[in-house]
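This report refers to the structure that appears directly beneath it.
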Amino acid sequence: MTTTKDAPNLQLDFVEIVAPRLWMTTTEVTTWVDSSPTSTFSVDNPTASWYDLGTIKSARIPVTKDVFQKEEGIPRTTRKMWEIGRTAQLTFNTQDLSPYVEALMNGQTIFNTMATTPGAEGSHVASLYTDGKRRRKYALLASTPGSMSQFDLVACASPANASIESRFNLAMVDSISASKLTLRDVGFPADPVAGDVIRKVDKVEFIDSLGSDVARSALLFWDGLVTNDTSRYQYAMYFPKVKNFSGAEIDFKDNAEPYDQSITLVAIATLMTFTDGSTGYNFYKKFMLQY
């Protein structure tokens, strides 16, 4: 993973800042509006309800204040100042066009057109592993889906609790042997559970009609690497409410770097309770979490 050097910390031998990671939710959540996270965030085990959108590039959090200045005297000098407005955004670039990543960061919903061929689905019995990433990458099915094959896009959802047509839990098949399913890359972004249906998807449509931008929550975090490459702390910024501000600005480049997508999320102020007991409106909560 690429890193960029930060200014040296006098108490440490060196400090490096790892490329930031972005998580988002399908709807606005108030997870830490009145509290704080209790531990650092792990890409191997995303917090429930959060989708990992991967490492992002060129991340910026511009905050702009609108200040009124009262001037008096000759020559005129500023005597008092009041903040009368503030805006905050989260801007970044990404090359990940996975369906759930594309929809989440652009404020869209999706509709999955499911395959109707026989053997295009299977009932998830259990994950073959219980640790970290592997439980989302390897699955055991109740039977062998005859029409599933490598590179098929599949969706996973509970038939009782969620409509699979609108589900963001999508992944691509790497291989299938008997009833054992292996998915490409990290697998499903959310954990499958016993009883979920895994079905082949023929088409994913992104629903983005005018005025339909969905408010969601975002979590930006990055690690500090210190002496001996051991992670000692993590910075995290929790945005309770964001909306897409830019649309999808896709830039097709060259063979070395085929494309890049620039995204701007605008933050919306939310009433928060801070750890010291004070309350107030803000766009985000920022933490330094100790390992």
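Per DSSP H run of n ≥ 4, the term is -39500 (n - 2.57); total these for the chain, divide by its residue number, and report the mean residue ellipticity at 222 nm rounded to 500 deg cm²/dmol.
-1000 deg cm²/dmol
Checking the table 200/286; 203/243; 80/285; 65/286 against a 30 Å threshold on Cα-Cα, which pairs fail?
200/286
Which of the aspartates and glutamates could a cross-linker span from residue 57 if the Cα-Cα distance has to be under 17 Å and same-chain partners fewer than 8 positions apart are dropped?
Those aspartates and glutamates meeting the cut-off are 6, 16, 96, 102, 223, 249, 251, 257, 260.
Within 10 Å, at most 11 other Cβ atoms, and a DSSP state outside H, G, I, E, B define an exposed site. Report the longest part of the chain free of exposed trypsin sites (Lys or Arg not before Pro).
77-252
Taking amide H positions as placed in the peptide plane 1.01 Å from N, state which residues far from residue 174 in sequence (5 or more) or on other chains have amide H under 5 Å from it.
For residue 174, whose amide H was placed from the backbone, the distant partners under 5 Å are 151, 182, 183, 184.
Which one of 50, 123, 171 has its Cα pushed farthest toward the positive end of the charge dipole of the chain, where Lys and Arg give +1 and Asp and Glu give -1 at the Cβ?
Farthest along the dipole direction, towards plus: 50.
We did not get these values from a lab; they are worked out from the coordinates using the rules stated. Values in this document were obtained by computation on a predicted structure and should not be read as measured data. Because the Cβ atoms are built from the backbone with ideal geometry, glycine has one as well, and the counts that use them run over all protein chains shown.
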